[in-house]
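Every read-out reported here was derived from the displayed coordinates using simple, explicitly stated rules and does not represent laboratory data. In this text the structure is predicted, and so the values were computed from the model without any measurement. Cβ sites come from the backbone with ideal geometry, for glycine too, and all protein chains shown count toward neighbours.
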Amino acid sequence: MAGVSDSHTLYQTALELLKTGERESALALFPRVVPEDGDLVEVHLAWAEAAMPGPDYLEILTFMHKFLQPQSYVEIGVEFGTTLKLVSSQTKAVGIDPNPQVKGTLTDNISLYRQTSDDFFKSGELSSLLGGPFALAFIDGLHIFEQVLRDFINLEKHASAKSLVVIHDCLPLDRRTASRTRTTQFWSGDVWKIVPCLKNERPELNIITIPAYPTGLCLISGLDSESQILEENYPAIVEQYLTLEYDNTVDKAACFSLIANDWPCIKDYLLSI
Ligand SMILES: C[S@@+](CC[C@H](N)C(=O)[O-])C[C@H]1O[C@@H](n2cnc3c(N)ncnc32)[C@H](O)[C@@H]1O
């Protein structure tokens, strides 16, 4: 692994390679820049930007709201309200977060629930709050696998065959930033496990991942509100995936069902729902 001065030199070389358009060579260097137990957020961000060119997650979510014009929207994990505020005034929206720090005011079409997603779903009221099944949902709450799985299970009960679930942070940069225990500022947690999990346990779902900066977006459609498979097998599924570690050499395209991060491919998927 690189020492501090080696790390600096490698980083400068990687940036030079990016400037001269040698992206693949830069991407081969980035993993060597961060020392094994070091935390260089600037390097992780530059690495992610190089690995995931094209529109970022906010641009894609903005596009989805304009293109789909969803009648209803639910967001798990609101924080400052950046993504919740992307909804149009025509969309009935519910945001859920135990500790929201929304800047400014939310419009009347948006209701904010200050509670954990587990507590929120206990009431079973999502569909009645929205006046029917949700059209679009965004999962971006607690970044651990079993919570994301529970959020998906709870949401699917309020889905129609035309609903779309989007999950943030599904595409790992490397093993360390994608582990359950956080040791780096740039961190996506083990949310990524939801992709192989759903692909294996629910092969009938239509799942793709957009390699969008900074940590990917997974899109899931073909939902079935009657499906019991995940809930009935929840303990066994969690046990199976919990100890999984991300393999830096995995074929990402196959494992995460990647599509190109460009508007024609994204539109094609949205039109297929
Ligand atoms: C990454 S932030 C969300 C960012 C926001 N979606 C955006 O892009 O603008 C994650 C949020 O999830 C919230 N959170 C943590 N645990 C949660 C839970 N169990 N249920 C719902 N939200 C949770 C945190 O309070 C935090 O505000």
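Numbers at a glance
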quantity: Among Pro31, Pro235, Pro172: highest mean-square fluctuation, GNM of the chain, C-alpha pairs under 10 Å; calculated: Pro235
quantity: Above-threshold pairs, the threshold being 19 Å between Cα atoms, out of Lys66/Lys252; Lys66/Lys162; Lys66/Lys267; calculated: Lys66/Lys252
quantity: Karplus-derived 3J(HN,Hα), 6.51/-1.76/1.60, for each residue of segment 9-26, Hz, glycine and proline x; calculated: 5, 4, 5, 4, 5, 4, 5, 4, 4, 5, 4, 8, x, 8, 5, 4, 5, 4
quantity: Selected from Lys157, Lys92, Lys103 as most flexible by GNM, with the chain as the system and alpha-carbon contacts under 10 Å; calculated: Lys103
quantity: Using θ = phi - 60° and Karplus 6.51 cos²θ - 1.76 cosθ + 1.60, couplings along segment 61-72 (whole Hz; Gly, Pro as x); calculated: 5, 4, 4, 4, 4, 6, 6, 8, 6, x, 5, 9
quantity: Length-normalised contact order of the chain in % [C-alpha pairs under 8 Å, at least 6 apart]; calculated: 17
quantity: Most fluctuating residue given options Asp108, Asp174, Asp119, as computed from a GNM of the chain linking Cα atoms under 10 Å; calculated: Asp108
quantity: Residues Cys265, Cys197, Cys218, Cys170 arranged by fewest to most Cβ contacts within 10 Å; calculated: Cys265, Cys197, Cys218, Cys170
quantity: Taking Ser128, Ser88 and counting other C-beta atoms within 10 Å, the order from fewest to most; calculated: Ser128, Ser88
